[in-house]
1. If each DSSP helix of 4+ residues adds -39,500 (n - 2.57) and the sum is divided by the residues in the chain, what number results at 222 nm, nearest 500 deg cm²/dmol?
2. Determine the distance separating the Cα centre of the range 262-299 from the Cα centre of the range 101-130; give it in Å without decimals.
3. With springs only between Cα atoms under 10 Å, which of Tyr236, Tyr289, Tyr131 fluctuates most in a Gaussian network model of the chain?
4. Picking from Ser125, Leu115, Gly65, whose Cα lies most toward the positive end of the charge dipole for the chain (charges on Cβ: Lys, Arg +1; Asp, Glu -1)?
5. For the chain, set up a GNM with springs between Cα atoms under 10 Å and report which of Thr217, Thr151, Thr186 has the largest fluctuation.
6. Between Gln69 and Thr359, 0.36 nm times their residue separation minus their Cα-Cα distance comes to what?
7. Sorted by packing (mean other beta-carbon atoms within 10 Å per residue), highest first, where do 275-287, 258-270 land?
8. Using the C-alpha gyration tensor of the chain, what are the square roots of 5 times its eigenvalues, in whole angstrom, with the largest one first?
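Where a number appears in this text, it was derived from the coordinates with a stated rule and is not lab data. Remember, it's a predicted structure, so these values are computed and weren't measured experimentally. A quick note on method: Cβ atoms are made from the backbone with ideal geometry, for glycine too, and the neighbour counts reach across all protein chains shown.
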Amino acid sequence: MQAMRFNFRTLCRNAAERGGQMQRRLLDALEARHTVKTLPEFGIERAAQLAGCTANHIRNLETRGDLPQPRLVDAGSIQRRIYNYNEVNRLRAAIGKRPSRPAGASCVRVVFSNLKGGVAKTTMSLHFAQYLAREGYRVLLVDADPQATATGAFGFIPDLDLSDGDDLFPALAEAPSLIAQAIKRTHWESLDLIPARLALQYTDWRLSQPEERQNETLGPPPVRLHRALKTLEDRYDLIVVDTPPSLGMLSLNAIAAANLIVMPIVPHMYDISSSVQYFRILEQICALYEREINVQRLCILLTKVDGSTETLNNIAVINGAYGELLLSNRMGLTKELQKSASDQLSIYEIDQPRGSRDTYNRAIMMLDGVNSEILLAARQIWQQEVLSGIEAGESHRVGASS
């Protein structure tokens with residue numbers, strides 16, 4: 001009796017068909033749970049604090065019709081005004097206190113990058129983008145990680161809500177201007193998203209093909225995201241990019257697109273060792289694409305920091321090697337982040353603490369400290385660009401007069 005030959009191709013085709021049926025059943029279940037995301041609500045005192053004015057000033061603007069009438073909820077015998085972050089930003093605009101990049105400065109592209117996974121790249125890129133939106137900036141978050149965790153945090157179910165063209169692939173493989181078609185609005189009015197899907201993994205393979213390296217129209221594969229994001233700069237104050245935990249074409253494109261790189265490191269020995277290789281790779285990228293790359297600052301952010309003796313010793317080692325690159329604020333381990341993430345929410349989106357109020361307040365203070373320091377680095381890039389523009393203008397006038 002002749003033994004049957006194992007046909008791997010047939011096995012894969014059958015498995016794909018059965019998997020497709022399974023996927024449709026899962027998507028039906030997910031669709032039933034798919035809800036529209038909202039922002040937390042708070043009273044007029046908190047709104048005034050965020051906007052930088054008094055509660056009476058808000059009431060006067062609403063009475064005069066300079067602001068829409070507030071939403072009201074019953075609170076016992078009185079009605080209480082309620083607001084969210086979107087309404088605070090409209091208030092800031094009405095009183096001339098909404099921030100933006102300075103005149104003469106370009107959009108800053110902030111990339112969270114590291115070769116290792118599990119270092120809180122997605123957590124930090126998500127919270128930094130939402131922090132910027134909370135503060136009133138116009139922000140684009142680019143999810144360049146096929147795992148699409150940041151995309152899911154905005155309520156999108158990639159295989160249900162997204163289709164071909166709803167990610168970075170067309171902009172990297174067809175035309176830079178196509179990136180605009182991938183932009184999605186979110187429940188944060190000043191925060192847009194370019195989502196990711198698992199199919200984005202194909203991009204790494206596609207851009208690695210020999211014919212792509214010879215494509216003079218689109219340019220070298222590692223710098224195409226830079227060119228695509230340049231077409232969006234007028235729309236946003238800052239662009240934030242989340243990257244995959246690997247060194248492929250998606251990560252290379254993100255690095256080449258950055259003005260500011262934030263490198264999260266967990267203060268453990270393996271992570272410290274990987275940072276050395278990371279810097280060597282960055283040097284090689286700069287040597288190959290020096291004209292295209294415009295990284296003006298790199299910051300190292302220590303994440304998942306605990307109080308153990310080993311961690312403190314490792315921090316001392318990192319500080320000795322990279323001292324001037326380290327952010328002074330650190331991200332510690334916090335249960336509040338873990339609990340909110342399990343509900344597909346960020347710390348900035350939850351109405352009530354998942355644990356104690358003190359734990360929640362510490363988590364907010366820690367995130368605000370880190371995010372404000374990264375924003376300060378972006379502001380310094382803006383300031384330097386404005387000063388360079390002024391100096392260039394003065395040099396031109398002096399040359400013309402002579």
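1. Numbers: 16 runs with 196 residues, N = 402.
Here the helix-only value at 222 nm equals -15000 deg cm²/dmol.
2. Using only Cα atoms, the two centres lie 15 Å from each other.
3. Result: Tyr289 has the largest fluctuation of those listed.
4. Of the options given, the answer is Gly65.
5. Among Thr217, Thr151, Thr186, the largest GNM mean-square fluctuation belongs to Thr217.
6. Length gained between Gln69 and Thr359: 100.9 nm.
7. 258-270, 275-287
8. 36, 31, 24
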